[in-house]
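Undergrad: Please see the structure below; I have some questions.
The values are calculated or read from the model by the stated rules, or taken from the named source; none is laboratory data. Just so we're clear, the structure is a prediction, and the values are computed from it rather than from any experiment. Positions of Cβ are backbone-derived with ideal geometry, glycine not excepted, and every protein chain shown enters the neighbour counts. What goes into the accessible areas is simple: the full protein's heavy atoms, side chains included, and nothing from ligands, DNA or RNA. Shrake-Rupley method; radii C 1.70, N 1.55, O 1.52, S 1.80 Å.
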Amino acid sequence: MEKLLSITNLKKYFPVAKSSIFAKQMYVRANEDISIDIYRGETFGLVGESGCGKSTLGRVLLQLYEQTAGSTMYYGRTLESVAPAYVLDTLSKAEKYIEKYLKAEKHAEELSKKCDELGEEATFFDLQNKNLALCDAQTALDYCAKILGGFMVRETRKGASLLHEKYKNSFQAAAISARLDDISLEIDVQESMMEDNPSKTQQIQRKIAKLEAKKKNLLAEQEKYLATAEKFEKELTQLKAPYAEDEEFAKYEAMLDNGVDLKRLKYKEMRFLRKDLQIIFQDPYSSLNPRMTVGRIIEEGLVTHKFFKPGSKKMQKYVFDIMNSCGLQNYMYNRYPHQFSGGQRQRICIARSLAVKPKFVVCDECVSALDVSIQSQIINLLQELKEKEGLTYLFISHNLSVVRYISDRIGVMYLGNMVEVAKTDDIFKDPRHPYTIALLSSIPTTDPDSLTKERIILEGNIPSPIKPPSGCKFHTRCFMACDKCKRVPPTLQEVAPGHYVACHFAEQKKVDEDGKYLFDVKITTNQR
C-alpha cells in the first residue's frame, strides 16, 4: 500500500501556567512518541477514553496545533510542487546537521549499551535519557538525511551544493505553476463574462489574448528552469555513481524521502496544502458561521483556494453538485445553519470539507452528537464519498461499534500514547493490550452468547497527563500489572504482521476463539 502520511515520534505538549517565577515549567503531555503510517484510501480509526489525546493528534497532523517534536511526512505532493523553504535552508547548513546527527547517534548508542547492561535494573531516568538522545539524533536526521541521502558521508559539500541548485530551479518552476493557475482561472472568468455581456465581446477577447500571451511566456520560462534542474539531476547521478556499492553511503541513500515535512512548513506553505488536508469537527453547529448561508459557507474555501472567482456561475453549479452528493437539496443554498437539524448541519460540514477536493480528512467524532439513526446515515455517506473520491480518513471516536463498521485499521490511545494498532478484525478477535480488552468488554450487545461474559471495570481515574505514572502509563489501572510495568515503559512492538502492541505481555494471547478471557480478572467485574 502507498503511504499518504508517515508520523514518527510525534509529541505535543501544552505548557501549564506557572504558579510563580521560581516554579518549574510543567506541560500537559497530550501526545507522546506516536509513530504510525496512514495509507492512501484507508480509514484509520482512533479510539480511547475522553481526554486521551485523540482530537489533539488529529489537529496536530493538520498543523492546527503546532507540533512539539517528531516529523509528519505528507506524500500527497512532491517537494518540488510545494517548494518548502526548509529544503534550501537545510542544504545550506548540511555539514552542521550531519555533525549534530553523528554526535547524537554516538551518544544514543552509548546510552543504549548502558541500558542493555543494566537490563531490568535500568531506571526510568536511564531510559528517558536514552530516548532523548535518540530523539535528538532523529531530529538531526530528519533535517538532513531525508534530503541529502548518501551525501551525508560522501561528497557532502559538493552534493549539497548541486542539490541546492537543483531544488532552487525546481521551486522556481513550481512558483510559475501557481501563476499559470491564476491566469487560467482569470481566462475562465473572462470567457464567462463574454457569455453574459455579448456587447463587450471584442474588449474581453483582447484581454484574453493578453492573458494567453503572458501564459505562453511563463511556460517558456518554466521550461528553462525545468531543463536546468534536469542538468543538475544528471550531475548528481554522476557524483553518486562511484559509491554505488559503498554500504555506508547506501545506508543513508535509503533514507531519502521526497515527502513534505508538515512540521517544518511556514504559514503560507501550509495554507497551500490546506485544501489537501481537511477536518470535519465534532459539533456541526459551533463550527458553522451563523451569519453565513450554506452556499457562502461552502464557497468560502473554494474562493480562498482559487478554485473559482467570487460570484462565478460555474462555482454555484459546482456547489449544487457538492450539496447533492452530500444529501442536501438546491433550495437549501440560501438558508442559514439554525434552520437545519443536527444531521443536516453535519452534511453541510462534510460538503464544506469535500468541496476543495481533499486527499486526507480528519473526522473528529463527527457523529457523536447525533442520534443513532442519523449516525448510520452520516457514516454511510462518508463511506460512499470515500469510495467515490478516493479519500483517506482519520476517524476519531470513543464508540468502538462505529469505528468497527467504518475502519480498515484501528489505533487505541491511552494518556497520549498509542498502545495498540492493528487491522479492525484483529483488534476485535485478538486484542493484546489490557486497555483494549477493557474497552471491548464495555460494548453494549444483544448477543445472548455475550451476556455471560464478564465486563472489566477499570478502577480509578485516568492519571494526570502533567505527571504521568512512571513505567507503563496504564499500570495504575491494569489488571495484569507487575513490578516491571511500574518501572519500564513498554515499546510498541509487532506481535503479528501489522499488529503492534505496547505491553510487556504483548506476546501472550488474552482472548480465545470463543471470546473467553485467558487470564484471571484481578479487579471488580460485573455480570451483564
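Undergrad: Please pick out the residue among Leu415, Leu451, Leu492 that is modelled with pLDDT under 85 and not small (Gly, Ala, Ser).
TA: On inspection, the qualifying residue turns out to be Leu451.
Undergrad: Go through the range 276-289 and give me each residue that's open to solvent by 70 Å² or more (accessible area, probe 1.4 Å) and not polar (S, T, N, Q).
TA: Scanning the range 276-289 gives Asp283, Tyr285.
Undergrad: Identify all residues within the range 367-411 that are assigned to a loop (DSSP other than H, G, I, E, B), out of contact with any Phe, Trp or Tyr (no Cβ under 8 Å at 6 or more places or on another chain) and not small (Gly, Ala, Ser); write none if there are none.
TA: Within the range 367-411, Val367, Leu370, Asp371, His398, Asn399 meet the criteria.
Undergrad: Here is a check on your reading of the model: is Phe479 modelled with pLDDT of 90 or more, in a loop (DSSP other than H, G, I, E, B) and either of a type outside the set (A, V, I, L, M) or open to solvent by 60 Å² or more (accessible area, probe 1.4 Å) (or both)?
TA: So Phe479 does not fit the description; no.
Undergrad: Does Lys240 count as open to solvent by 40 Å² or more (accessible area, probe 1.4 Å) and in contact (Cβ under 8 Å) with a residue 12 or more places away in the chain?
TA: Taking the combined requirement at face value, the residue satisfies it.
Undergrad: Could you list, in sequence order, the residues of the range 194-246 that are under 16 Å from Tyr167 (Cβ atoms) and touching a Ser or Thr at 6+ places or on another chain (Cβ under 8 Å)?
TA: Listed by number, the residues that qualify are Gln222, Tyr225, Leu226, Ala229.
Undergrad: Consider only pairs whose beta carbons are under 7 Å apart and that are at least six residues apart or on different chains; among these, list those whose first residue lies in the range 415-430 and is in contact (Cβ under 8 Å) with a residue 12 or more places away in the chain and part of a loop (DSSP other than H, G, I, E, B) and whose second residue is surrounded by fewer than 19 Cβ atoms within 10 Å (Cβ to Cβ) and charged (D, E, K, R).
TA: Asp430/Lys509
Undergrad: Right, another one. Tell me whether the range 277-291 contains one or more residues that are assigned to a helix (DSSP H, G or I) and either closer than 27 Å to Glu387 by Cβ or among the basic types (Lys, Arg) (or both).
TA: no
Undergrad: Lys486 - would you say it is assigned to a loop (DSSP other than H, G, I, E, B) and either surrounded by 13 or more Cβ atoms within 10 Å (Cβ to Cβ) or at pLDDT below 90 (or both)?
TA: For Lys486, the condition - assigned to a loop (DSSP other than H, G, I, E, B) and either surrounded by 13 or more Cβ atoms within 10 Å (Cβ to Cβ) or at pLDDT below 90 (or both) - is not met.
Undergrad: How many residues, within the range 348-377, are buried (at least 16 other Cβ atoms within 10 Å of the Cβ), without any contact (Cβ under 8 Å) to a residue 60 or more places away in the chain and among the β-branched types (Val, Ile, Thr)?
TA: Selection size over the range 348-377: 2.
Undergrad: Assess whether Gly460 counts as being exposed (fewer than 12 other Cβ atoms within 10 Å of the Cβ), of a type in the set (Gly, Ala, Ser), on the phi > 0 side of the Ramachandran plot and modelled with pLDDT of 85 or more.
TA: no
Undergrad: Scan the range 290-301 for residues that are of a type outside the set (Val, Ile, Thr) and either open to solvent by 70 Å² or more (accessible area, probe 1.4 Å) or more than 12 Å from Arg274 (Cβ to Cβ) (or both) and jot them down.
TA: Pro290, Arg291, Met292, Gly295, Arg296, Glu299, Glu300
Undergrad: Do you know which of the residues in the range 341-386 that are at pLDDT below 90 and among the acidic types (Asp, Glu) is nearest to Phe44 (Cα to Cα)?
TA: For the range 341-386, the residue satisfying everything is Glu365.
Undergrad: Continuing with this model, one more query. Please give the strands (runs of 3 or more DSSP E) falling wholly within the range 1-63 in which 1 or more residues are open to solvent by 70 Å² or more (accessible area, probe 1.4 Å) and more than 23 Å from Met73 (Cα to Cα).
TA: Where strands (runs of 3 or more DSSP E) fall fully within the range 1-63 and carry at least 1 residues being open to solvent by 70 Å² or more (accessible area, probe 1.4 Å) and more than 23 Å from Met73 (Cα to Cα), they are 3-16, 26-39.
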